[in-house]
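In what follows, a structure is listed as structure tokens, so that the remarks can point back to it.
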Amino acid sequence: MRTFSYLRAPDVKTALRAVATEPNAKFLGGGTNLVDLMRENIERPDVVVDISRLPLTGIEELPGGGVRIGALVRNSALAAHPLVRTRYPVVSQAVLGGASAQLRNMATVGGNLLQRTRCLYFYDDASACNKREPGRGCSALGGLTRNHGVLGVSEHCIATHPSDLCVALTALDAEIEVESTRGTRRIPLTEFHRLPGSTPHVETALAPDELVTAVELPAPVTTHSRYRKVRDRASYAFALVSVAAALEVRDGTVTAVRLALGGVAPKPWRATEAERVLLGAPATEESFRLAAEAELAAATGHNGNDFKIELARRTIVATLRDLLTDRSAV
Amino acid sequence: MTQTLPATRESAVGKPVDRVDGAVKTTGAARFAAEYSYPGLAHAALVHATISRGRVTTIDTAEAAAVPGVITVLTHHNAPALKPPRKVTPTDLSTMASGTSVNYLNTDEVHWDGQPIAVVVAESPLAAREAAGLVRVTYEASESTVDFAAAEPNATPQKNNLIMQGSAKKGDAEAAFAEAPVRIDSRFTTPPLHHNAIEPHATLALWDGDRLTVHDATQSIDWLRSHLATRFGIPASDVRVIAPFVGGGFGGKGFIWAGTILTALAARATGRPVRMVLTRESVYRVVGGRTPSTQRVALGARADGTLTSLIHTSVSRLGRVGGSPEAVTSQSKHLYAAENILVQQNLVELDLVSNAPMRAPGEAIGTFALEASIDELAYELGMDPIDLRMHNEPERNPIDGKRFARRYLREAYRVGAERFGWANRTPEPRSMRDGRWLVGMGVATAFHPSLLFVANVAVRLSVDGTVLVRCGMQEMGMGGATVQAQIAADALEVPVESVRVEYGDSTLPMAPSAAGSMQTASVANSLLAACEKLRRRLTKLGRSADESPAAVLAREGLPSLEVSVGSDTRLGRVAGQLKFMSKFLVDQRRWMKAALGAHFCEVRVDPDTGEVRVSRWTASFDVGRVMNAKTAASQLRGGIVMGIGMALAEETLIDPRNGRIMNPSLAEYHVPVHADIPPIDITYLDEPDPTMPLGLVGIGEVSITGVAGAIANAIHHATGRRVRDLPITLDKLL
């Protein structure tokens, strides 16, 4: 860890001013990812602006049935909130599927959006990584790729986004509210994270001086939703593949569907192709399979992660089947 | 003092006596190596090489040295001289202790990716770590061999020596296999693994002139003392090693690795007491782990299940700079009454850190291949896997006809099967379900040889009735001090609370390393002899039948009476070791002795995703007489937990392109979490081994053996799939 200076922001304005004038500053929320990365010498901020005491901790119902979640709401508070549990079970399940109770007590919603990949080569200073050092190359290519992406990757980076929560939020059309000294704007979550292309170090649409202040979810299309996380041990591991799904069926036909994938792409992956196939289709295992195959048609493996394509297909089908057969499931 | 003996004294041995160190551990009063401090304490951090073979051409420490708080940056340019480790010699087994042959910081040569090439000493651990990241190194790389899978076909046969056989045979196993009516011939692979003790390796070194004191997380107090004496060119009597508590070792703290040596070197160079707590990453990079392996098991049988041929061959790896062969095929010489047997271990040397013993080195992975093959043969024959095992249960040691010191494996299977409910299993694969889960049940045999080694012990009886046992043994969580207190209590007929055991310090009588499942038996052996000596002294003092030992002292006006077994002089140690080696060899020719067990496991497999969850476990052991019901069950359970990790998740990921360990962290190396572990039912027969002290055999390692086999067999039962490559991750079941 390098030496850095530390500022605890008393209010949003001070926080925003502090980063507006400091090119190498980082906001500190729960610290569960940033501090680890600083210890590993990967994040090397000169200034850390502690925002953990800012009043961004509310969860409020919005007119029209949506919900507004403050950026500093702790993961465990989000998962336990009655509004979230009843209207968006998939969000609650996704949060509880991640990390450990101790980490969830610290980690914030805003920080979750900005957590960085767990690519082994990103974490290893002796390896080449275009995220850490743009243009240096990518040691993951041709290396140990079991945890890497099969969708949306590029020849410059095949890392995956590690979040569980973001997968659920992406499925549910979340919007992100961000603020800077220049004002406030809203970004759909599907446009918040960037695909790597030739600039894998640019991970989000957030400008360096912008602060995530809230996440808003529209009214749910259905409360029948669930999160399925597949991983290498029963708890405390990142997803190999995860599926966030919401499914509404009338008279045997899919009338509404939301689907997103985790563990397979550099960003939380909204499965628009699969949704397109499913909407209006008969709610059968066959339709689920066709939808999964449509989404994964463009998927490409890198040897070690080839299995993720088949695993994603199976997990999509299994999650939708569970939603269909177990209507009471939350 | 009016101490008379109670009419009948209940034995303390075998009881679930609470750990004597339980209270200090749970309250935090127990101090581990990293928790000692001295005035002027400095802190150290390692810089690791990032090539697998070659030379350091330049090493620029200017930026590191400029970090506030940095005292010095030691490299091969400025480090004090170290003597190289000694060659392994049978008259001094401490020479086995060197983790590698590298003379750290005394050479510009690099022998593996991760080798320490510099040490930063600073006023704080954070400053040391920050500076370590700023040391700039350039290299001249040479060609290296780091890919086990690629090098494995070029393996060479392991030679036999006094301690370990590389090969053995009975009859003509290949010919018998070729003629067998029923045959199984499979190839297995297991990955490299690391120990991941909760306490990382840590050392605090302090010099007083030419006298060295180290607090170290070690399983080998005595070996460490000799080794440091050799490396720093001082007499062993001028080295003191203090290690009262060690936070787990599993073999990873048995040898002496770079962290310990370089802490002492840093203290020598700076004249300050220096503490170095290795980061988890540094533990992976400088301490060896379990070898990977490829194995072939070929079984030939008649239609009635009689084994006519058992062939087990293996390839494991050593580092080019050290490591020892692991007994991968050991169990295959002892478990089944095959008419013809062939075992052959082969080795490759790679440019990686040496392998290190890890809980049941050899047998942990060897039993996986053998027991999975036996299960496969049972299916091929249409027999119950337990029936097949019992059909081939030997009366004498299969490879050489030696007598078994004790063998109750049949009984262990009978008891285990009943507790587990094996009879409820339907043998057809995929025939059992629980909701969406496929359910499978599997069994496998556990095996680990039993050893004894030389140990010196002193025992003092005081007039107040208390007993002090002194022995420089190691306590890393097994309950060693508790058990020895129970043994002394029984031998001297005092309450167990009256016995205090001093351990974990090289100033105490020498004990063997906590390794090879032999510490408890070895110390008990000498402790019993010492107590016998003490009783004879009491008899000479005219002790009457109903007189307590302390009463004799009171009557004689003696404050205490002390006896010892073994000599800690240089000559005495060599003599003791030679005497023991010859006894060991004679004993080994007479008896085959081992800890044995039967594992029963139930798994659930998700048919969509291949996720495996172990849902139930029963293990039934034949491990001689158990000394402490509580600590024994705990240690046996721990081995099963570790085995579940090995079977399903654990793997040290080494990039085959450059030999670099890529997951040196507990985030990416997956040990089991609580949610992975079901209730584990432990039972044991408690039948004493007549050839061992008090009938006890070591239990530190046996329980991890067979675990992966039982799980693989249960997964086959659940899914119909045979996975022969560990870990059995879900992608192998899709």
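Please treat every number below as a calculation from the coordinates, not as lab data. Since the structure is predicted, the reported quantities are computational estimates derived from the model, not experimental observations. We place every Cβ from the backbone using ideal geometry, glycine too, and count neighbours over all the protein chains shown.
Between residue B:15 and residue B:722, what length in nm is gained on full extension when 0.36 nm per residue of separation is reduced by their alpha carbon distance? Working shown, then result.
On the way: separation 707, 0.36 × 707 = 254.52 nm, distance 4.17 nm.
Answer, rounded to one decimal: 250.3 nm.
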>> In whole Å, what are the extents of region B:179-231 along the principal axes defined by its C-alpha atoms, from largest to smallest?
In response: 72, 26, 14
>> Could you derive backbone 3J(HN,Hα) for region B:711-726 from the dihedral phi with the Karplus parameters 6.51, -1.76 and 1.60 (θ = phi - 60°), listing whole Hz in sequence and x where the residue is Gly or Pro?
In response: 5, 4, 5, 5, 5, 4, 4, 6, 10, x, 9, 9, 9, 10, 10, 8
> Along the three principal axes, how long is region A:25-116 when you take its alpha carbons, biggest first, rounded to the nearest angstrom?
Replying inline: 43, 25, 17
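Efficiency by 1/(1 + (r/R0)^6): what FRET value for residue B:588 and residue B:436, r their Cβ-Cβ distance, R0 = 45 Å, to the nearest 0.05?
Values: r = 52 Å, r/R0 = 1.15.
Working from the Cβ atoms, E equals 0.30.
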>> Please list, in order along region B:690-699, the HN-Hα scalar couplings obtained from phi with the Karplus expression 6.51 cos²θ - 1.76 cosθ + 1.60 (θ = phi - 60°), rounded to whole Hz, x for Gly and Pro.
In response: x, 9, 10, x, 6, x, 8, 10, x, 10
> If you bin the C-alpha pair distances of the protein assembly as shown every 10 Å from 0, what whole percents do you get?
Replying inline: 2, 10, 18, 21, 20, 16, 9, 4, 1, 0, 0
> For A:304-314, what's the mean count of beta carbons from other chains sitting within 10 Å of each residue's beta carbon?
Replying inline: 3
>> Calculate the FRET efficiency for residue A:133 and residue A:5 from the Cβ-Cβ distance with a Förster distance of 22 Å, rounded to the nearest 0.05.
In response: 0.35
>> Once you order the gyration tensor axes a ≥ b ≥ c over the Cα atoms, which shape class does region B:94-148 get: rounded for a/c under 1.5, otherwise prolate or oblate by comparing a/b with b/c?
In response: oblate
>> 7 Å from Cα along Cα→Cβ at both residue B:540 and residue A:155: what's the point-to-point distance in nm?
In response: 8.8 nm
> Per residue of B:659-665, what is the mean number of Cβ atoms on other protein chains within 10 angstrom of that residue's Cβ?
Replying inline: 5
>> If every alpha-carbon in region B:498-614 counts as one equal scatterer, what log10 I(q)/I(0) does Debye give at q = 0.12 1/Å?
In response: -0.70
>> Suppose each label sits 7 Å from its Cα in the direction of the beta carbon; what would the residue B:667-residue B:78 distance come out to in nanometres?
In response: 3.4 nm
> When the C-alpha atoms of chain B are aligned to their principal axes, what extent does each axis show, in angstrom, from largest down?
Replying inline: 78, 73, 49
>> Give the average over all directions of the projected area of the C-alpha convex hull of chain A, one decimal, in nm².
In response: 16.1 nm²
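What do you get for Rg/Rh of region B:270-378 when both radii come from the Cα atoms and Rh is the Kirkwood radius? Intermediate values should be presented prior to the final figure.
Numbers: Rg = 18.7 Å, Rh = 15.8 Å.
Taking Rh as the inverse mean 1/r over Cα pairs, Rg/Rh reads 1.18.
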> region B:438-505: percent of C-alpha pairs farther apart than 21 Å?
Replying inline: 41 percent
> Put +1 on the Cβ of every Lys and Arg and -1 on every Asp and Glu Cβ in region A:1-95; which of A:12, A:81, A:41 then has its Cα farthest towards the positive end of the dipole?
Replying inline: A:81
>> Taking the number of other C-beta atoms within 10 Å as the exposure measure, put B:410, B:285, B:589 in order starting with the fewest.
In response: B:589, B:410, B:285
> Rg(Cα) of region B:52-115 divided by 2.2 N^0.38 Å?
Replying inline: 1.43
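Once R0 is set to 51 Å, what does the formula 1/(1 + (r/R0)^6) return for the Cβ-Cβ distance between residue B:91 and residue B:143, expressed as a FRET efficiency to the nearest 0.05?
Working: r = 38 Å, r/R0 = 0.74.
That pair, residue B:91 with residue B:143, gives E of 0.85.
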> Across the residues of B:604-611, average count of Cβ atoms on other protein chains within 10 Å?
Replying inline: 5
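Can you tell me the length gained on complete extension of the stretch residue B:156 to residue B:629, counting 0.36 nm per residue apart and subtracting the Cα distance? Before the final figure, lay out the partial values.
Working: separation 473, 0.36 × 473 = 170.28 nm, distance 4.42 nm.
Extending this stretch completely gives an extra 165.9 nm.
Using +1 on the beta carbon of Lys and Arg, -1 on that of Asp and Glu, and nothing else charged, what's the dipole of the protein assembly as shown about the Cα centre, debye to 20?
Numbers: 115 positive and 113 negative charges, 316 e Å.
Here the protein assembly as shown has a charge dipole of around 1520 debye.
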> Which of B:52, B:20, B:72 sits farthest toward the positive end of the charge dipole of region B:1-148, with +1 on the Cβ of Lys and Arg and -1 on the Cβ of Asp and Glu?
Replying inline: B:20
> In terms of modelled amide H atoms, which long-range or inter-chain residues lie less than 5 Å from the amide H of residue B:15?
Replying inline: B:629
> Over 30 Å between Cα atoms, which of A:26/B:253; B:253/B:593; B:83/B:253; B:253/B:583; B:159/B:593; A:131/B:253 qualify?
Replying inline: A:26/B:253; A:131/B:253
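Could you size up the charge dipole of region B:136-291 around its Cα centre, putting +1 on the beta carbon of Lys and Arg and -1 on that of Asp and Glu, and report it in debye to the nearest 20? Let's see the in-between values first.
Numbers: 17 positive and 15 negative charges, 103 e Å.
About 500 debye.
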>> For residue B:732, give me every one of the lysines with a C-alpha distance below 23 angstrom, ignoring sequence neighbours fewer than eight places off in its own chain.
In response: A:229, A:308
> Semi-axes of the equivalent ellipsoid of region B:412-454: what are they in whole Å, largest first, if each equals the square root of 5 times a C-alpha gyration tensor eigenvalue?
Replying inline: 33, 13, 8
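Taking the square root of 5 times each eigenvalue of the Cα gyration tensor, what semi-axes in Å does the equivalent ellipsoid of region A:80-164 have, largest first?
Values: eigenvalues 197, 36, 23 Å².
Equivalent ellipsoid of region A:80-164: 31, 13, 11 Å, largest first.
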> If the label point is 7 Å along Cα→Cβ of residue B:280, which residues in region A:24-42 have backbone nitrogen under 13 Å from it?
Replying inline: A:36-37, A:40
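Mind ordering B:309-316, A:283-290, A:180-187, B:693-700 by average Cβ neighbours within 10 Å, highest first?
On the way: B:309-316: 26.8, A:283-290: 17.2, A:180-187: 12.8, B:693-700: 24.8.
With the highest mean Cβ count within 10 Å placed first, the list reads B:309-316, B:693-700, A:283-290, A:180-187.
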>> List the residues, sorted by chain then number, that are 5 or more residues from residue B:70 or on another chain and whose placed amide H is less than 5 Å from its amide H.
In response: B:123
> Most exposed first by the Cβ proxy, i.e. fewest other Cβ within 10 Å, how do A:269, B:112, B:437 rank?
Replying inline: B:437, B:112, A:269
>> Semi-axes of the equivalent ellipsoid for region A:51-93, please: Cα gyration tensor eigenvalues, times 5, square-rooted, ordered largest first, whole Å.
In response: 18, 13, 6
> Using the 10 angstrom Cβ neighbour count as an exposure proxy, how do B:336, A:121 rank, fewest first?
Replying inline: B:336, A:121
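How big is the dipole moment of chain B about its Cα centre under a simple scheme where the beta carbon of each Lys and Arg is +1, that of each Asp and Glu is -1, and everything else is neutral? Debye, nearest 20, please.
Values: 76 positive and 77 negative charges, 314 e Å.
Charge dipole, chain B, about its Cα centre: 1500 debye, nearest 20.
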>> Give me log10 I(q)/I(0) at q = 0.10, 0.12, 0.13, 0.20 Å⁻¹ for region B:531-685, Debye formula, one equal scatterer per alpha-carbon, no solvent.
In response: -0.76, -0.90, -0.95, -1.17
> For the pair residue B:558 and residue B:237, how long in nm is the line joining their label points, each one 7 Å along Cα→Cβ?
Replying inline: 2.8 nm
